[in-house]
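Since the structure comes first, as structure tokens, the remarks are kept for the end.
The values are calculated or read from the model by the stated rules, or taken from the named source; none is laboratory data. Computed from a predicted structure; not experimentally measured. All Cβ positions, even for glycine, are placed from backbone atoms using ideal geometry, and neighbour counts span all protein chains on display.
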Amino acid sequence: MNYDLTDEQELVRRTVREFAETRVAPVAEELDREARFPYELVAELAELGLMGLPIPERYGGAGGDMVSYAIAIEELTRVDSSVAITVAAHTSLGTMPIYLFGSEEQKHEWLPRLASGRNLAAFGLTEPEAGSDAGATRTRAELRDGQWVIDGSKIFITNAGTDITACVTITARTGEGEISNLIVPNGTPGYEISPPLRKLGWRASDTRELHFHGCAVPEGNLLGVRGRGFQQFMEVLDGGRISVAAMGVGLAQGAYDLAVAYAAKRQQFGRPISSFQAIRFQLADMATEIEAGRQLVYRAAWLKDQGRPFALAAAQAKLYTGLLSNRAVNAALQIHGGYGFMDEFPISRLYRDQKILEIGEGTNEVQRMVIARHLGL
């Protein structure tokens, strides 16, 4: 058993960490306060090859493995979750369905511009009445004269409405008891995108509601086999959980780093608060749980890289790191005391950003359902 990262994986960590600390950290608070999408940072991430890290080079990606991808998402989240989710949602949810299930024609049409980061992609699954029960989708698509005519709506969709978004892949009912996935290019008549939704956290990421009113796309925009949409998006979500689990580790690590730095300089009763056992024990617990969570994430990513079943490991990693990040950011803010409640201190932003990690890509309760099913319970 070898826990050492490869030279390539270590290079990814160094590269992304430097980028996060030198380019993202100085503007993270401003982007959050202004709820401004980080176009400049996305362009720079594209130049680094990080917008299509796990996509093969023949389709314009970097050809990296899932462990490297998890490391990249972890390092970005350590500094800012909005930038991290922009990369993760584009890669795991927007681009990956086309890579996994698209025809060669679809791959060559879409992947080079998506994997290179010239354009973004989104995945439209959640609906106002279909959240955890994703199979209850009400959006419909009817085949008429060689076109799929779509009617319905999606909500909480990341990256759908930016100036550089190229398409969204949506789930729709294409027949009785039949769900399929369709690629809908941005700008298609009948496809309307709401203004950005106001959120507790992830304020610099793009989150929208989508509406389809007689929106017609070519029959060839069907992704994969008709009627296999449910199985397709379940596979997409399994992989996406690795990236969200990596976000949980990254946010917990970022909260820990802030708490350690603050505790070392904050003086009370004539000495740094890091010298008090109550603080030291909290930091010791945080460091231990973060390392446990990191190993869960890397194992899930490694299993996927090996082509082995990884859905159970991904769900376990996502559940654990969601709970871990909650505990870590709460303890870190407590260590900051009243200053942690002020927006001038980054821990307040991490505190707000954390909660969605227990909701998105399947709530904690859904993860437990998935884990129980894989355990045969």
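Since G135 meets every condition but one in (1) in a loop (DSSP other than H, G, I, E, B); (2) surrounded by fewer than 17 Cβ atoms within 10 Å (Cβ to Cβ), which condition does it not meet? The single condition G135 does not satisfy is (1). Here A134 fits the description: within 28 Å of V249 (Cβ to Cβ) and at pLDDT below 95. I'd like to know if segment 344-359 contains one or more residues that are more than 23 Å from the chain's Cα centre (by Cα), more than 18 Å from L312 (Cα to Cα) and at pLDDT 95 or above. Checked against the condition, which is being more than 23 Å from the chain's Cα centre (by Cα), more than 18 Å from L312 (Cα to Cα) and at pLDDT 95 or above, segment 344-359 yields at least one hit.
Scanning segment 343-377 for residues that are among the polar types (S, T, N, Q) and surrounded by fewer than 21 Cβ atoms within 10 Å (Cβ to Cβ) yields a count of 3.
Kindly check whether there is at least one residue in segment 241-257 that is hydroxyl-bearing (S, T, Y) and within 20 Å of G161 (Cα to Cα).
no
Could you please tell me which pairs satisfy a Cβ distance under 7 Å, a separation of 6+ or placement on different chains, a first residue in segment 189-207 that is under 21 Å from D353 (Cβ atoms) and free of Cβ contacts under 8 Å to residues at least 60 places away in the same chain, and a second residue that is surrounded by fewer than 16 Cβ atoms within 10 Å (Cβ to Cβ) and hydrophobic (A, V, I, L, M, F, W, C)? The qualifying pairs are T207/L197. Could you tell me whether segment 1-16 includes any residue that is surrounded by fewer than 15 Cβ atoms within 10 Å (Cβ to Cβ) and basic (K, R)? Checked segment 1-16: at least one residue is surrounded by fewer than 15 Cβ atoms within 10 Å (Cβ to Cβ) and basic (K, R). In the set (1) among the acidic types (D, E); (2) surrounded by fewer than 18 Cβ atoms within 10 Å (Cβ to Cβ); (3) over 30 Å from T169 (Cα atoms), E289 fails one condition alone, (2).
Within the option set E18, E44, E29, being of a type in the set (D, E) and either more than 29 Å from P195 (Cα to Cα) or free of Cβ contacts under 8 Å to residues at least 24 places away in the same chain (or both) holds for one residue only, E18. From the list A372, A317, A300, the one residue that fits, being of a type in the set (A, V, I, L, M), free of Cβ contacts under 8 Å to residues at least 24 places away in the same chain and in a helix (DSSP H, G or I), is A372.
Which of the residues belonging to segment 84-126 are under 18 Å from the mean Cα position of the chain (by Cα) and without any contact (Cβ under 8 Å) to a residue 60 or more places away in the chain? Answer for segment 84-126, where residues must be under 18 Å from the mean Cα position of the chain (by Cα) and without any contact (Cβ under 8 Å) to a residue 60 or more places away in the chain: V87, T95, Y99, N119, A121, A122, T126. Taking segment 1-119 and the helices (runs of 4 or more DSSP H) fully enclosed by it, the elements with 2 or more residues that are within 26 Å of Q306 (Cβ to Cβ) are at 7-19, 66-79, 81-88, 96-101, 104-115. Taking segment 216-233 as the search range and keeping residues that are assigned to a strand (DSSP E or B) and more than 26 Å from the chain's Cα centre (by Cα), which one is farthest from P97 (Cα to Cα)? My answer is A216.
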